[in-house]
């Protein structure tokens, strides 16, 4: 896995493919809305999202942090590369003498890449979810060590132990493993990056990490931006835990068949599959196990929000990863 670097001499086919992939850099980022906070691990209650200490004290505003390195497999073009590709496209369209020339000229504004923008999903940003007692508790847990398996992500992972039914599933699959869960409901790739970089990724060396993150970035980031953010998290995990095996889970499907968000998630998963190197990072897509033949969630597997698993869903999840985790924990 290599860091992204500026390259030259783009093939025209690659340039056109990137341009036609959609308005990758045009949308303005919007903050993800947290569905509420849940416990991150047994015996550790969560502070309500947006509240300090759970007593009504407001957290300071979120300030976008510095950019994080991104693997070349999911990197986005730099500002200089966007300019270079657009110049090449403009020159090609202006000189084309084929029968396609009128069509290219007519849709030149669609073919050209939108202006470069900073990808918030790949920044070290302290989100509201990483402020206050949850983050501080994770840092203290990290200092204690004795963690063989680290679970990381957002509410989907956080709520493994939200209630007795979910907790029973957690115990079924993880009771015999020294496990810590640093996931926080409502968090994003940038929040996970910040947390790992600021104490949550220091003080211990797990044998394995199970990561699923990115669904809360879907409201304001494009699929390539989310994939780049996930790639940045993988690089951070590799730096913090160089000997750990990372089980990178595809983002679970959400919504209903045909929903735009489900299509965006499918595109993200296709991109992050490139991060699998079968040495340190192992990509696994178990999303289809939650769906029937028509693409709807199995009865009682997920909540009515079509986003969060219930006990049955966690049971399916545990079964799907049990053998792979046992292999990675050796």
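The values are calculated or read from the model by the stated rules, or taken from the named source; none is laboratory data. Every value quoted in this text rests on a predicted model; they were computed, and no experiment measured them. All Cβ positions, even for glycine, are placed from backbone atoms using ideal geometry, and neighbour counts span all protein chains on display.
Observations
- If you check 326, 320 for being under 20 Å from the mean Cα position of the chain (by Cα) and outside any loop (DSSP other than H, G, I, E, B), only one passes: 320.
- Yes/no for residue 117 being assigned to a helix (DSSP H, G or I) and touching a residue at least 12 places away in the same chain (Cβ under 8 Å): no
- Which numbered condition residue 157 fails, given (1) buried (at least 21 other Cβ atoms within 10 Å of the Cβ); (2) in contact with a helix residue (DSSP H, G or I) (Cβ under 8 Å, 6 or more places away or on another chain); (3) within 27 Å of residue 231 (Cα to Cα): (2)
- Extreme residue, modelled with the lowest pLDDT, among residues of the range 49-75 that are in a loop (DSSP other than H, G, I, E, B) and surrounded by 16 or more Cβ atoms within 10 Å (Cβ to Cβ): 49
- Residue list for the range 265-314, restricted to those being touching a strand residue (DSSP E or B) at 6+ places or on another chain (Cβ under 8 Å) and at positive phi: 306
- Residue list for the range 161-196, restricted to those being part of a loop (DSSP other than H, G, I, E, B) and surrounded by fewer than 17 Cβ atoms within 10 Å (Cβ to Cβ): 163, 175, 176, 177, 178
- In the set (1) assigned to a loop (DSSP other than H, G, I, E, B); (2) farther than 27 Å from residue 201 by Cα; (3) free of Cβ contacts under 8 Å to residues at least 60 places away in the same chain; (4) within 21 Å of the chain's Cα centre (by Cα), the condition left unmet by residue 294 is number (4).
- The single condition from (1) closer than 22 Å to residue 261 by Cα; (2) in a loop (DSSP other than H, G, I, E, B) that residue 228 fails is (2).
- Given (1) farther than 30 Å from residue 145 by Cβ; (2) in contact (Cβ under 8 Å) with a residue 12 or more places away in the chain; (3) assigned to a helix (DSSP H, G or I), number of the condition residue 253 does not satisfy: (3)
- Residue in the range 302-314 that is closer than 27 Å to residue 145 by Cα, at pLDDT 95 or above and in a helix (DSSP H, G or I) present: yes
- The residues of the range 101-113 that are in contact with a helix residue (DSSP H, G or I) (Cβ under 8 Å, 6 or more places away or on another chain) and assigned to a loop (DSSP other than H, G, I, E, B), listed by number, are 112, 113.
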